[in-house]
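Only one structure is covered here, and it is reproduced in the block below.
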């Protein structure tokens, strides 16, 4: 390792700690409205064979109206640390890093997986880097167990949600 880089990670197999500082927020809103009216009316003659009809017998009208509105918002935050290893070093000095952390808690398993490309210049002297400095980052946070199962709809409820017209 060159003298200028100190103990900074830079070779395949070196360990880097990624500090997860992810925050996302998104909102979306839309509204739509339509309205259509129509009327038709005929006045029958007051004499002759059509005089049997009342003017109110031949009047027609119609109308249609629609109003729709939708709103959605979502925000997420992920914090913590995951140590990863350098899987490849590219000719330009960037590195492919990969790693995962598996936590078994009293109510299930939590898994954090991360991979992406980092620049050597972004790595601190103690081999730490912010997750916001990882290019092509693929961060997965998944859980299994009681809590994860309880937060999902059952198969029958999902079925009726798909076929329900309401």
What number of residues in the stretch 84-104 are without any contact (Cβ under 8 Å) to a residue 40 or more places away in the chain and either in a strand (DSSP E or B) or under 28 Å from residue 143 (Cα atoms) (or both)?
7
Return a yes/no flag: does the stretch 43-55 have any residue that is under 33 Å from the mean Cα position of the chain (by Cα) and either modelled with pLDDT of 65 or more or surrounded by 10 or more Cβ atoms within 10 Å (Cβ to Cβ) (or both).
no
Looking only at the stretch 127-165, count every residue that is in contact with a strand residue (DSSP E or B) (Cβ under 8 Å, 6 or more places away or on another chain) and at pLDDT 70 or above and tell me the total.
18
Given the conditions (1) within 23 Å of the chain's Cα centre (by Cα); (2) assigned to a strand (DSSP E or B); (3) over 15 Å from residue 17 (Cβ atoms), report the number of the one that residue 79 does not fulfil.
(3)
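The values are calculated or read from the model by the stated rules, or taken from the named source; none is laboratory data. In this text the structure is predicted, and so the values were computed from the model without any measurement. No Cβ is skipped: glycine too gets one built from the backbone with ideal geometry, and neighbour counts run over all protein chains shown.
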